[in-house]
1. Among the residues of region 152-197, write down those that are of a type in the set (Asp, Glu) and either within 22 Å of Lys255 (Cα to Cα) or at pLDDT 95 or above (or both).
2. Scan Ala47, Ala62, Ala76 and give me the residue that is in contact (Cβ under 8 Å) with a residue 24 or more places away in the chain, within 24 Å of Asn266 (Cα to Cα) and touching a helix residue (DSSP H, G or I) at 6+ places or on another chain (Cβ under 8 Å).
3. Under 8 Å between Cβ atoms, which residue pairs at least 6 apart in sequence (or on different chains) link something in region 253-275 that is closer than 14 Å to Arg241 by Cα and of a type outside the set (Gly, Ala, Ser) with a partner that is in a loop (DSSP other than H, G, I, E, B) and open to solvent by less than 10 Å² (accessible area, probe 1.4 Å)?
4. Quick check on Arg285: is it surrounded by fewer than 22 Cβ atoms within 10 Å (Cβ to Cβ) and at pLDDT 90 or above?
5. What number of residues within region 31-44 satisfy the criterion of being more than 13 Å from Ile59 (Cβ to Cβ) and surrounded by fewer than 18 Cβ atoms within 10 Å (Cβ to Cβ)?
6. Which of the helices (runs of 4 or more DSSP H) found entirely inside region 167-275 contain at least 1 residues meeting this: touching a Ser or Thr at 6+ places or on another chain (Cβ under 9 Å) and open to solvent by 10 Å² or more (accessible area, probe 1.4 Å)?
7. Out of (1) closer than 27 Å to Ile260 by Cβ; (2) at pLDDT below 90, the odd one out for Val78 is which?
8. Please go through region 1-22 and pick out each residue that is in contact with a helix residue (DSSP H, G or I) (Cβ under 9 Å, 6 or more places away or on another chain) and charged (D, E, K, R).
Amino acid sequence: MLKSKKYKLLYKINTSLNCSIEDLMKLSDEQFEYINHYLKHSSFLKACPGSGKTEVIGIKSAYEIHKWQSKHSGIAVVTFTISAAKELNSRVRKFGAVSTETFPHFIGTFDSWIHNYILQPFCHYLTGYLGKDGDKSMRLVDVESSAGFLSNYTTNIFKDGQTRPVKVTEYYYDYQNNLQGQDDRIDGFLKSLTAANDIKALKENKKKFIKAGFVTYPDVEWLSNILLNSYPALQERLAQRFPVIIVDECQDLSKGQINILDLLRNKGTNMHFVGDLNQSIYEFRKVNPQDIEAYIQNSGFVIRQL
């Protein structure tokens with residue numbers, strides 16, 4: 001970055017945010033380039049561990065929030081663990097000197113963003129869940145749960161001369177409506193099923209479970225994709241509500257999450273991915289960094305590197 005351009009941006013950040021000149025001077029040219037990147041150009045910032053990505057995302061987010069004009073739309077800054085979300089929140093508040101209320105912006109986990117803005121407000125339109133005492137929000141059930149009520153949603157499969165009970169929490173449907181097991185063992189068993197009645201019974205039990213107001217985390221992605229595809233106006237409204245989404249640790253995006261983001265990108269949302277595609281930690285969710293790399297390349301993202 002040219003020195004004159006860098007010092008001009010340094011001055012802007014210093015006067016806009018709660019950042020000292022001394023701390024800003026420690027930032028590299030690549031970090032300044034990213035902070036100065038135009039939000040309306042979707043981007044991918046390659047950032048390996050130790051590159052200072054959390055710091056630069058914090059400053060970038062605080063700087064853009066400070067400049068933001070709209071009171072009805074905002075920036076979503078999402079990541080994948082509660083601890084990472086807390087750290088991002090802390091950095092944005094530190095640099096931006098913002099209050100505890102960040103509205104109309106959102107900083108948190110991807111799951112909580114989906115819950116707050118897609119699943120909970122709209123899922124009952126799709127499922128017909130009547131709610132309790134006026135509350136139509138879905139209740140999350142852990143896939144490891146052994147709660148007794150789950151016996152009401154168990155499918156008994158007769159195969160190889162024996163009955164195999166399959167709990168509704170042991171399987172889910174991906175964004176393309178394909179049946180998936182929660183682990184390799186159950187996945188192999190489900191993939192071996194050929195009887196149409198068994199496959200139909202599994203799906204009916206899942207629908208019954210959801211209509212009663214229950215979901216697992218994988219169900220959330222399935223339902224959110226169905227919602228957005230069933231109601232195109234919802235895609236448009238959500239894209240208007242969040243015209244910019246910054247995804248930290250983007251290597252942990254699942255295919256279903258990528259599809260949700262792509263629906264919004266096609267309606268005008270600008271995406272900014274940050275992460276290291278060699279550092280994915282969510283193999284159990286069948287996350288494949290190659291899918292993310294292909295999406296970045298095919299979507300015309302500006303690629304930067306720390």
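1. Restricting attention to region 152-197, the residues satisfying the condition of being of a type in the set (Asp, Glu) are 160, 170, 174, 183-184, 187.
Once the filter is applied, which keeps residues that are of a type in the set (Asp, Glu) and either within 22 Å of Lys255 (Cα to Cα) or at pLDDT 95 or above (or both), region 152-197 yields Glu170, Asp174, Asp183, Asp184, Asp187.
2. On the way: Ala47 fails: within 24 Å of Asn266 (Cα to Cα); Ala62 fails: within 24 Å of Asn266 (Cα to Cα).
Just a single option satisfies the conditions, and that option is Ala76.
3. What qualifies is Leu261/Leu253; Leu261/Thr269; Leu264/Phe242; Thr269/Phe242.
4. Taking the combined requirement at face value, the residue does not satisfy it.
5. Step one: filter region 31-44 for residues more than 13 Å from Ile59 (Cβ to Cβ), giving 38-44.
With surrounded by fewer than 18 Cβ atoms within 10 Å (Cβ to Cβ) added as a condition, the list becomes 38-41.
Residues in region 31-44 being more than 13 Å from Ile59 (Cβ to Cβ) and surrounded by fewer than 18 Cβ atoms within 10 Å (Cβ to Cβ): 4 in total.
6. Values: elements: 184-191, 196-211, 217-230, 232-241, 255-265.
The qualifying helices (runs of 4 or more DSSP H) are 196-211, 217-230, 232-241, 255-265.
7. (2)
8. Within region 1-22, Lys5, Lys6, Lys12 meet the criteria.
The values are calculated or read from the model by the stated rules, or taken from the named source; none is laboratory data. For clarity, every value in this text was computed on a predicted model and none was experimentally measured. Every residue, glycine among them, receives a Cβ derived from its backbone with ideal geometry; neighbour counts consider all protein chains shown. Note: accessible area is taken over every heavy atom of the protein model, side chains too, but ligands, DNA and RNA are not part of it. Shrake-Rupley method; radii C 1.70, N 1.55, O 1.52, S 1.80 Å.
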